[in-house]
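The values are calculated or read from the model by the stated rules, or taken from the named source; none is laboratory data. Note that the coordinates shown come from a computational prediction; the quantities given were computed from them, not determined experimentally. Methodologically, a virtual Cβ is constructed for each residue, glycine included, from the backbone with ideal geometry; neighbour enumeration extends over all protein chains shown. The area values use the complete protein model at the heavy-atom level, side chains included, leaving out ligands, DNA and RNA. Shrake-Rupley method; radii C 1.70, N 1.55, O 1.52, S 1.80 Å.
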Amino acid sequence: QTKVEQRRQEVAVEKAKVDSELATVEPLVNEARQALDNILKQALDEIRALPAPPEKVRMAIEMVCLTLGETNLDWGSLKKIMRKDDFIPSIKQFKAESLSRQTRQQLEKRFFSNPDFTYETVNNASRACGTLVKWGQSMIRYADIVHSIEPLTNLVKSLEKEADDLTTQQQELK
């Protein structure tokens, strides 16, 4: 009984750590997803119509497309991607957990380590793109947390299974 209870307490402590980490970033992710509802099709149409967009606007669109797994990032390809009916829905439904470490590092190096690539500076160039930057920042942060707590999550699952196994063994002995 004592060993089972001790394991269950360990599980509870570790699970609380995982839940706490995720709770810090989930509101940011939800806020960013809700902000996507405010991006008007007209704003995207205006961006697509630009033969050569401002640097911050282009960077924001590149960042989103790279996050979504696109590899061809020339302006013509980016405009085609934005023209798709599912462009905004695919952003809203994107699962941050699917971002690989390599992609996160690439996004960080190429965009988010640039002091001129912030929500504020991009938002001054385009409100729609500012919203996209906020979304990208929250996706990266969420993915970083999810991947950093993966060992902890696996430990919690392992401890839960071990506690269940000990409970089963204990019941069989009765």
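Which members of segment 118-142 meet the condition of being open to solvent by 20 Å² or more (accessible area, probe 1.4 Å) and in contact with a Lys or Arg (Cβ under 7 Å, 6 or more places away or on another chain)? Once the filter is applied, which keeps residues that are open to solvent by 20 Å² or more (accessible area, probe 1.4 Å) and in contact with a Lys or Arg (Cβ under 7 Å, 6 or more places away or on another chain), segment 118-142 yields Y119, T121, A125. A Cβ distance below 6 Å, combined with a sequence gap of six or more or placement on separate chains, defines the contacts here; from segment 160-174, residues that are of a type in the set (D, E, K, R) reach residues that are open to solvent by less than 70 Å² (accessible area, probe 1.4 Å) and part of a helix (DSSP H, G or I) in the pairs E160/V11; E162/R7. Of the residues that sit in segment 61-103 and are hydroxyl-bearing (S, T, Y) and closer than 24 Å to A125 by Cα, which one is surrounded by the most Cβ atoms within 10 Å (Cβ to Cβ)? My answer is T67.
Could you tell me whether segment 122-138 includes any residue that is of a type in the set (S, T, Y), out of contact with any strand residue (DSSP E or B) (no Cβ under 8 Å at 6 or more places or on another chain) and modelled with pLDDT of 95 or more? The answer is no; no qualifying residue exists.
Considering the conditions (1) closer than 26 Å to T153 by Cβ; (2) in contact with a Phe, Trp or Tyr (Cβ under 9 Å, 6 or more places away or on another chain); (3) among the small types (G, A, S), S98 is excluded by exactly one of them, (2). Before we move on, is A35 open to solvent by less than 70 Å² (accessible area, probe 1.4 Å) and under 22 Å from the mean Cα position of the chain (by Cα)? So A35 passes the test. Please tell me if N114 is open to solvent by 60 Å² or more (accessible area, probe 1.4 Å), polar (S, T, N, Q) and farther than 30 Å from L173 by Cβ. When the stated conditions are applied, N114 does not pass them.
For G69, the conditions (1) at positive phi; (2) at pLDDT below 90 all hold with the exception of (2).
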